[in-house]
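The values are calculated or read from the model by the stated rules, or taken from the named source; none is laboratory data. Keep in mind that this is a model prediction, so the values were computed, not measured. Here Cβ is always computed from backbone atoms with ideal geometry, including for glycine, and neighbour counts include all displayed protein chains. The area values use the complete protein model at the heavy-atom level, side chains included, leaving out ligands, DNA and RNA. Shrake-Rupley method; radii C 1.70, N 1.55, O 1.52, S 1.80 Å.
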Amino acid sequence: NLGLKTLLDLCKIETSPSSYHLGYLIGPRINAGGRVGKCSHGANLLLNKDPKEVFKIASELDQFNKERQILEKDVLEKILKGIEKYLSDPVLVISGKDWHEGVIGIAAARIKDKFNKPVIIISIEDGIGKASARSIAGFDIGSVIIAATQEKILIKGGGHKMAGGFSIKIENIDKFKDFIFHKFKKMDKNL
């Protein structure tokens, strides 16, 4: 594939690509467009046959990936600065204003890995929170999000055992925290 070959060249990968190359160098670049509002770039890279156009798209995706890394680092630093007050909670539910929605899932995953707790990051804008959640083995965060949506705590939401996302009115964040803490403690007793 011309797009993959171009990305391999851009990343200076001179050997046969390994799973590391695909997972940590190529994949994030293909996905970077979607994180900064250019969703079709990854598909266009893989489908285009024109070498000049492919090089242009690959270069833009490389730049978007650099922007994504900066945004991610910024959000992560802001969250980690004030995280101590949440560490005694069974599920880390952290909200802030205008955090970039394209990177809150990555930030949630990093924090989950660091503290081994389910993590929900909520970016608030105009009274509405957009959230991304990551969980640990044994706690089905997707079903909890669906249950909270059915209880009308969330505007909409969904997910699977290890990850999910939702929208919430800011006035319901504390109600959601109580809901998810209760679900976690109930699950914890059953283990």
Mind pulling the angle between the C-alpha long axis of helix 51-81 and the longest principal axis of the chain? Nearest 10 degrees, somewhere in 0 to 90.
-> 30
Treat every Asp and Glu Cβ in the stretch 54-98 as -1 and every Lys and Arg Cβ as +1, leave all other atoms uncharged, and give the resulting dipole magnitude about the Cα centre to the nearest 20 debye.
-> 40
Take the solvent-accessible surface of the protein heavy atoms, probe 1.4 Å, and return the percent of it on the chain that carbon and sulfur atoms account for.
-> 53
With +1 on each Lys and Arg Cβ and -1 on each Asp and Glu Cβ, and nothing else charged, work out how big the dipole of the stretch 108-191 is about its Cα centre, in Debye to the nearest 20.
-> 280
Compute the label zone of LYS56 within the stretch 3-36: residues whose backbone N is under 16 Å from the point 7 Å along Cα-to-Cβ.
-> 3
Taking the chain as the reference, fit the longest principal axis to its C-alpha atoms, fit the long axis of helix 173-190 to the helix C-alpha atoms, and give the angle between the two in degrees, 0 to 90, nearest 10.
-> 80
Taking the mean number of other Cβ atoms within 10 Å as a proxy for protection, how do you rank 153-163, 27-37 from highest to lowest?
-> 27-37, 153-163
For Rg and Dmax of the Cα atoms in Å, the listed values are (i) 17.7, 54; (ii) 18.8, 59; (iii) 14.6, 42; which was obtained by calculation from the structure presented?
-> (ii)
For the chain, dividing by residue count, accessible area per residue (probe 1.4 Å) in Å² works out to 56
